[in-house]
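First up is the structure itself, then whatever we jot down about it.
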Amino acid sequence: MTLVIPFISSAGGQERQAWKTALPEALDGIGIVKPFSDLSAPERQAATIAIVANPDSKEVAALPNLKWVHSLWAGVERLAKELPEDGPMIVRLVDPQMAETMSEAVLAWSLFLHRDMPCYGAQQRRSEWIEHELKLPEERRIGILGLGNLGQRSALRLRANGFPVSGWSRSEKHIEGLETHAGSDGLDTVLGQSDILVVLVPLTAETAGLVDSRAFSKLPRGAALINFSRGPVLNDGDLLKALDSGHLSHAVLDVFDQEPLPQKHPFWLHEKITVLPHISAPTVTRTAVRIVAQNISRYLQTGELPETVDRGRGY
């Protein structure tokens with residue numbers, strides 16, 4: 001009997017269509033990928049594996065015999081929260097290409113801040129011709145909050161471009177060539193030496209609201225922020241106060257509490273904020289589907305599951 005693998009997604013139309021095209025090709029010979037709406041009642045009962053991208057949890061629950069779901073996204077906090085703890089195990093996408101793409105974005109926007117692009121952009125709008133003293137990379141300290149795959153690759157890429165980099169994680173990590181810190185004292189250490197702070201932590205109960213007025217007060221005056229993590233990690237009101245007071249010079253934001261960012265949100269028109277539409281590290285379809293196909297094929301052949309999400313940690 002041919003294996004039917006449900007595909008459940010409420011992602012945007014263009015993204016969902018890309019998956020609907022690429023997944024059947026990648027899993028050809030392994031199983032038949034079907035959108036949830038195309039499944040028959042017997043197929044829903046028989047399904048033990050599903051592939052998901054921002055799924056409706058009610059549709060996942062309508063597959064009573066699921067053993068695990070493979071997310072097409074690295075972020076699975078909503079899925080982990082909505083699925084019951086005794087429900088299917090969750091596998092998040094771990095794609096080396098995503099780490100590479102993220103490190104490129106972190107470097108690009110760190111250089112944007114390092115070379116004073118917000119200042120020169122404001123001068124252009126005022127028709128001002130003013131040259132500012134150039135700092136060298138070794139004079140600009142960068143802190144990374146979050147040392148998972150994305151954080152580690154980003155930190156090492158920044159260091160390779162001459163920036164002094166320190167990293168923080170909730171638990172201790174030892175990474176060759178990188179200054180690392182952990183715990184509350186370690187967080188304060190990294191904050192205190194960050195001219196640019198890059199946020200890459202996963203969203204968990206412990207990291208929600210992590211970057212708030214207390215964190216901003218620990219940063220050097222004139223520091224800048226890059227948030228490529230998740231919107232709720234950042235306290236929006238505290239950020240606006242820190243920018244308006246002059247304690248922070250600029251913020252590059254790619255993630256928000258609500259996405260798309262509402263049109264009347266104050267971030268849009270704030271002169272010290274750069275708004276990006278969640279594009280720092282999009283999933284690359286062609287590499288992601290190969291990883292999903294390999295993981296499912298290995299499981300079917302050996303019974304070996306890829307690494308699953310720890311519900312206690314939330315990632």
Next item on the list: Spot the failing condition for Thr274; the list is (1) surrounded by 13 or more Cβ atoms within 10 Å (Cβ to Cβ); (2) without any contact (Cβ under 8 Å) to a residue 24 or more places away in the chain, and only one is missed.
Entry: (2)
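Condition test on Val33, is it buried (at least 21 other Cβ atoms within 10 Å of the Cβ) and touching a helix residue (DSSP H, G or I) at 6+ places or on another chain (Cβ under 6 Å)? First the steps, then the outcome.
On the way: buried (at least 21 other Cβ atoms within 10 Å of the Cβ): yes; touching a helix residue (DSSP H, G or I) at 6+ places or on another chain (Cβ under 6 Å): yes.
Here the answer is yes, as Val33 does meet what is asked.
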Check: Within the group Leu261, Leu239, which residue is part of a loop (DSSP other than H, G, I, E, B) and either in contact with an Asp or Glu (Cβ under 7 Å, 6 or more places away or on another chain) or touching a residue at least 12 places away in the same chain (Cβ under 8 Å) (or both)?
Finding: Leu261
Next item on the list: Return only the number of the condition from (1) among the acidic types (Asp, Glu); (2) surrounded by 15 or more Cβ atoms within 10 Å (Cβ to Cβ); (3) over 24 Å from Arg78 (Cβ atoms) that Asp244 does not satisfy.
Entry: (2)
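Go through Arg92, Arg16 for me and flag whichever is at pLDDT below 90, of a type outside the set (Ser, Thr, Tyr), open to solvent by 40 Å² or more (accessible area, probe 1.4 Å) and in contact with a strand residue (DSSP E or B) (Cβ under 6 Å, 6 or more places away or on another chain).
On the way: Arg92 fails: at pLDDT below 90.
On inspection, the qualifying residue turns out to be Arg16.
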Margin query: Which of the numbered conditions does Gly75 fail, given that it passes all the others? Conditions: (1) touching a residue at least 40 places away in the same chain (Cβ under 8 Å); (2) part of a loop (DSSP other than H, G, I, E, B); (3) under 20 Å from Ala293 (Cβ atoms).
Written below: (3)
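Considering segment 287-311 alone, what residues qualify as being surrounded by fewer than 18 Cβ atoms within 10 Å (Cβ to Cβ), more than 19 Å from the chain's Cα centre (by Cα) and either not assigned by the TED database to the domain that holds Leu23 or not basic (Lys, Arg) (or both)?
Gln294, Ser297, Leu300, Gln301, Thr302, Gly303, Glu304, Leu305
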Notebook entry, point to check: So which strands (runs of 3 or more DSSP E) are wholly in segment 89-190 and hold at least 1 residues that are charged (D, E, K, R), touching a Gly at 6+ places or on another chain (Cβ under 9 Å) and assigned by the TED database to the domain that holds Ile226?
Noted result: 179-182
Notebook entry, point to check: What about Thr101, is it under 30 Å from Val165 (Cα atoms), open to solvent by 10 Å² or more (accessible area, probe 1.4 Å) and of a type in the set (S, T, N, Q)?
Noted result: yes
Note to self: What's the number of the only condition in (1) buried (at least 20 other Cβ atoms within 10 Å of the Cβ); (2) part of a loop (DSSP other than H, G, I, E, B); (3) at pLDDT 95 or above that His70 fails to meet?
What the structure shows: (2)
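The values are calculated or read from the model by the stated rules, or taken from the named source; none is laboratory data. Please read all numbers here as calculations on a predicted model, not as lab measurements. Because the Cβ atoms are built from the backbone with ideal geometry, glycine has one as well, and the counts that use them run over all protein chains shown. Heads up: the accessible areas ignore ligands, DNA and RNA and are worked out on the full protein's heavy atoms, side chains in. Shrake-Rupley method; radii C 1.70, N 1.55, O 1.52, S 1.80 Å.
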